[in-house]
1. Apply the Karplus curve 6.51 cos²θ - 1.76 cosθ + 1.60, θ = phi - 60°, to the phi angles in region 260-271 and return the couplings in whole Hz, x for Gly and Pro.
2. GNM on the chain, C-alpha springs below 10 Å: top fluctuator among ALA178, ALA277, ALA160?
3. With all distinct Cα pairs included, what does the Kirkwood hydrodynamic radius of region 194-284 come out to in Å, to one decimal, could you say?
4. Within a 10 angstrom radius of the beta carbon, how do TRP316, TRP32 rank from fewest other beta carbons to most?
5. Counting other C-beta atoms within 10 Å, which of HIS243, HIS205 has the fewest, and how do the rest follow?
6. Around VAL165, under 12 Å between beta carbons, what's the net of Lys plus Arg minus Asp minus Glu among the other residues?
7. What net charge do the residues around LEU85 carry, taking every other residue with its C-beta under 10 Å from that of LEU85, with Lys and Arg at +1 and Asp and Glu at -1?
8. Take the alpha-carbon centre of region 255-317, take the same for region 47-67, and report the distance between them in whole Å.
Amino acid sequence: MTIKIAGTGSALPNKIMTNKDLEQLVETSDEWIRERTGICERRIAQGDTVASLAATACERALANAGKKAEDVDLILVATCSPEQLLPCAACQVQSIIGAQKAVAFDLNAACSGFLFGLATAYSYITAGLYKNALVVGSEVLSKIVDWTDRGTCILFGDGAGAVYVEATEGPEGFIGFAQGSDGSKGSVLSCNERTDNPEEDIYVHMDGREVYKFATRQVPKCIVEAVDRSQLSLEDIDLFVLHQANTRIIESIAKQLKQDISKFPVNLPRVGNMSSATIPVLLDELNRDGKLQKGQKIVLSGFGAGLTYGACVLTWQ
Ligand code: ACO
C-alpha cells in the first residue's frame with residue numbers, strides 16, 4: 001500500500017510587493033534581487049493568517065479531489081510562522097473547513113515541513129490508522145521578517161498550498177522517501193519566539209552563504225538517495241519540484257544531477273520563498289495548468305532551517 005495525491009489547492013494573498021517596492025524600504029535594487037535570487041515579486045498577507053490561507057488551500061484541494069471536508073481523517077499543517085501557539089493552525093483549519101472527524105496537528109521543519117508532513121501522512125496511512133489526509137504548507141513570513149534587513153526581507157513571501165492524499169494499492173503514488181536533519185547547524189537560519197520584551201529580537205536571521213552551501217551540497221545527495229530507494233534512475237524522473245528558495249540553488253542542483261533545467265519548474269519569480277508552502281503551491285499550479293501527466297515520475301525536495309532536508313519520489317496518477 002502507498003498514498004497518492006488526489007487533489008491540490010493553493011491560496012495566495014492579493015497584495016503584490018515588487019522589487020521596486022522594496023527599493024523604497026531598503027538599499028537594494030531590482031537588478032540585484034533578480035540576479036542573486038531570481039525573485040521579481042512576492043505576495044504579502046493583509047489580514048490573511050496561516051490558518052485562513054491554509055483553510056482556503058485545503059478547500060481548493062478537496063474540491064479538486066471531489067472530496068468532502070467531513071470525510072477527512074487527518075490534517076497536518078507544516079508552518080514555522082503561526083500566529084498562535086495554541087490552538088495549532090491545523091485545529092483552526094479543521095474548524096474553518098468543518099472537518100469534524102479529523103485529527104489535526106502542526107509540524108515545524110521550516111522549508112522541509114511540507115515534505116516531512118507528507119512522510120508523516122504516508123506513515124499513518126500505510127500503518128492503517130487513517131485512510132486519507134490533508135497535508136498543508138502555510139506561511140505568513142512577512143510578520144517575522146525584519147523589513148530593515150536587506151539580506152533577508154527581499155527573499156520571502158506569504159502563501160499556502162495543500163494536497164489531499166489517500167490510500168492506494170498503486171501503481172500510482174509515493175514510492176520512496178529520504179530525509180535528514182543537522183541540528184548542529186541551527187544557527188545558520190534562526191528566529192526567536194515573540195515575547196513581551198520589545199527589545200527582544202524576533203526576526204529571521206540567516207547566514208545566506210552557509211544556507212547556499214548546505215542546499216547545494218546536501219540536496220543533490222538526498223534526491224539521489226530517494227531515487228535509489230525508489231529503484232529508479234535520475235533519467236527516469238520527469239520533473240523535479242524543488243523548494244523555491246533561489247534560482248541559483250536550483251540551477252546548481254540541476255547541474256550536479258546532470259539533468260536538463262527544463263525538468264525543474266519554478267514559480268519563485270512571482271511568489272518568492274514561502275518556506276513550507278513553496279512545494280505545494282508550485283505543485284498546484286502545475287496541476288491546474290495541466291502540466292502533470294499520468295505516469296510521470298516526480299521528485300519533490302525541500303531544505304531549510306534546522307537544518308532539515310528531504311526528498312521523495314512519486315508516480316502521478
Ligand atoms: N541588495 C543589495 N545588496 C545586498 C543585498 C540586497 N538585498 N543583500 C546583501 N547585499 C550586499 C551585501 O551587503 C554584500 O555587500 P559587500 O560586498 O559590500 O559586503 C554583497 O551584497 C554580497 O552579499 P552576500 O551576502 O555575500 O551576497 P550573496 O551573493 O551571497 O547573495 C544571497 C546573498 C542571495 C542571500 C545568497 O547568499 C543566497 O542565495 N543564499 C541562499 C539563502 C537562501 O536562499 N535563503 C532562503 C531562505 S532559507 C531557505 O529557504 C532554505
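No lab work stands behind these numbers, since they all come straight from the coordinates. Quantities reported herein were computed from a predicted structural model and do not represent experimental measurements. Note that we place each Cβ from the backbone using ideal geometry, even for glycine, and neighbour counts take in every protein chain shown.
1. The phi angles translate into 5, 4, 5, 7, 10, x, 9, 10, 3, x, 8, 10 Hz.
2. ALA178
3. Values: mean 1/r = 0.0670 Å⁻¹.
Roughly 14.9 Å, rounded to one decimal.
4. Numbers: TRP316 19, TRP32 14.
Going from least to most buried by this count: TRP32, TRP316.
5. Ranking HIS243, HIS205 by Cβ neighbours within 10 Å, fewest first, gives HIS205, HIS243.
6. Around VAL165, the charge tally is 0.
7. Working: positive: ARG194; negative: GLU83, ASP106, GLU193.
Neighbour charge sum, excluding LEU85 itself: -2.
8. Distance between centres, Cα-based: 19 Å.
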